[in-house]
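**Student:** Take a look at the following structure, please.
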Amino acid sequence: AMMQRQMQIMAVMFDVRPSKLGYSETVNAIKAGAAKRGWPVGEVQDMQAKMQQAGMKEAKRMTIVPTCPAGANDKVAKASGGKAPALPCRVTVFEGQDSKIYLVRMNTANMAKLVQDAATAKVIADIGAEEDALYKEIAQ
C-alpha cells in the first residue's frame, strides 16, 4: 500500500511523456522553445557521461535542461511572501528501458492545485500553463 501511495504522489508531482522527436532533437527543441519564449536556459547536463564515469557502464542517455518561464521563481516568491519553495526549473530527457525517448518534469499545473494560498496558486498555475504550452509541442 505504501509503494502504491508513493506512485500516486509521483504521478501528481511529475509529468512523464514520450517525445515526438529523436533524442538530440528533443533536447534542442526544449532549448529553442525556451529561448523563443525568453526563458533562461542554464547549463545543460549530460547525466549519461556522469553515470558512466561513476561506473554505470550500461547507463542510457539522460540530459537535464535547466529552464522555466522567465522570472518564475521571483513571481512565486512575491505572491507567497517568500513562503513557497522555489520551483525546480528543469526538464530531463532520457532514453527509457524500451529505448523510447521521454521527458520528465515537475507537473507545475498540478502542483498549483495543492497550494492553499489563492494568489500563489494562481501564479504557479499560470507558470504551469506556460510550461505546458512549450512541452505539448515536443511531447505526446
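**Student:** Restricting the search to the stretch 124-140, which residues are under 15 Å from Thr67 (Cα atoms) and among the charged types (D, E, K, R)?
**Tutor:** Residues satisfying the conditions are Glu130, Glu131, Asp132.
**Student:** For residues in the stretch 103-132 being under 18 Å from Ala29 (Cβ atoms) and touching a helix residue (DSSP H, G or I) at 6+ places or on another chain (Cβ under 9 Å), which is most open to solvent (accessible area, probe 1.4 Å)?
**Tutor:** Glu130
**Student:** Here's another thing I want to ask about it. For Asp74, indicate whether it is buried (at least 17 other Cβ atoms within 10 Å of the Cβ) and closer than 24 Å to Ala125 by Cβ. Reasoning before the result, please.
**Tutor:** Values: buried (at least 17 other Cβ atoms within 10 Å of the Cβ): no; closer than 24 Å to Ala125 by Cβ: yes.
The answer is no for Asp74.
**Student:** Which of the residues belonging to the stretch 88-132 are of a type in the set (A, V, I, L, M, F, W, C), more than 17 Å from Lys78 (Cα to Cα) and part of a helix (DSSP H, G or I)?
**Tutor:** If the condition is that a residue be of a type in the set (A, V, I, L, M, F, W, C), more than 17 Å from Lys78 (Cα to Cα) and part of a helix (DSSP H, G or I), then Ala109, Met111, Ala129 are the ones that fit.
**Student:** Now for a separate question. Within the stretch 21-37, track down each residue that is surrounded by 11 or more Cβ atoms within 10 Å (Cβ to Cβ), of a type in the set (Lys, Arg) and free of Cβ contacts under 8 Å to residues at least 40 places away in the same chain.
**Tutor:** Of everything in the stretch 21-37, just one residue is surrounded by 11 or more Cβ atoms within 10 Å (Cβ to Cβ), of a type in the set (Lys, Arg) and free of Cβ contacts under 8 Å to residues at least 40 places away in the same chain, namely Lys31.
**Student:** Considering Pro18, Pro40, Pro69, which residue is touching a residue at least 40 places away in the same chain (Cβ under 8 Å), within 16 Å of the chain's Cα centre (by Cα) and surrounded by fewer than 17 Cβ atoms within 10 Å (Cβ to Cβ)?
**Tutor:** Pro18
**Student:** Going through the stretch 43-59 one residue at a time, which ones are within 16 Å of the chain's Cα centre (by Cα) and assigned to a helix (DSSP H, G or I)?
**Tutor:** Answer for the stretch 43-59, where residues must be within 16 Å of the chain's Cα centre (by Cα) and assigned to a helix (DSSP H, G or I): just Met47.
The values are calculated or read from the model by the stated rules, or taken from the named source; none is laboratory data. Nothing here was measured: the structure is a model prediction, and the numbers come from that model. Every residue, glycine as well, gets a Cβ built from its backbone with ideal geometry; the counts of neighbours run over all protein chains shown. Please note that ligands, DNA and RNA were not included when accessible areas were found on the heavy atoms of the full protein model with its side chains. Shrake-Rupley method; radii C 1.70, N 1.55, O 1.52, S 1.80 Å.
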